[in-house]
Amino acid sequence: IEKATGVMITPMMKMSHEGFGRMVLIGGRLIVVNKQLRDVHRFGFDTLAKLAEEGQKHVDAGIEMIEKFEPVAKY
């Protein structure tokens, strides 16, 4: 996301010992990605390719959010 947009991204994550929580990526004053996490102690993907595909969806959504609200992200 940083490479594509030039906006520095700050990750924040809160997780319980049971593997539940939330991951947030913040750029400037914009919440770029907001993801609920469940059962992260288990590997929930059949292959690494499916993991990469899901990760790319979040990267693309983050880039789209920054492009949509660029002044907030670059504040």
R22-L48 FRET efficiency (beta carbon distance; Förster radius 25 Å; 0.05 resolution): 0.55
Amide H to amide H, which residues 5 or more places from V32 or on other chains are under 5 Å from it, using H placed in the peptide plane? L25, I26, G27
Over all directions, what mean area does the Cα convex hull of segment 2-73 project, stated in square nanometres? 5.0
So, over other residues within a Cβ distance under 14 Å of I26, counting Lys, Arg +1 and Asp, Glu -1, the net charge is +4
Between R38 and E70, what FRET efficiency comes out of the Förster formula 1/(1 + (r/R0)^6) with R0 = 35 Å and r the beta carbon distance, rounded to 0.05? 0.65
With the contact rule set at Cα under 8 Å and sequence spacing of 6 or more, what percent relative contact order holds for segment 2-73? 29
For Q36, the net charge from surrounding residues (Cβ-Cβ under 14 Å; K, R +1; D, E -1) works out to +1
At most 13 other Cβ atoms within 10 Å and a DSSP loop assignment: could you name the trypsin sites (Lys or Arg not before Pro) in segment 21-75 that fit? R29, R38, R42
Run lengths n ≥ 4 of DSSP H only: what is the helix-derived mean residue ellipticity at 222 nm for the chain, with -39500 (n - 2.57) per run over all residues, to the nearest 500? -11000 deg cm²/dmol
For the chain, take the longest principal axis of its alpha carbons; what is the angle in degrees between that and the long axis of helix 48-68, to the nearest 10 within 0 to 90? 20
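Bear in mind that the values in this text are calculations on the coordinates, not laboratory data. Every value quoted in this text rests on a predicted model; they were computed, and no experiment measured them. Methodologically, a virtual Cβ is constructed for each residue, glycine included, from the backbone with ideal geometry; neighbour enumeration extends over all protein chains shown.
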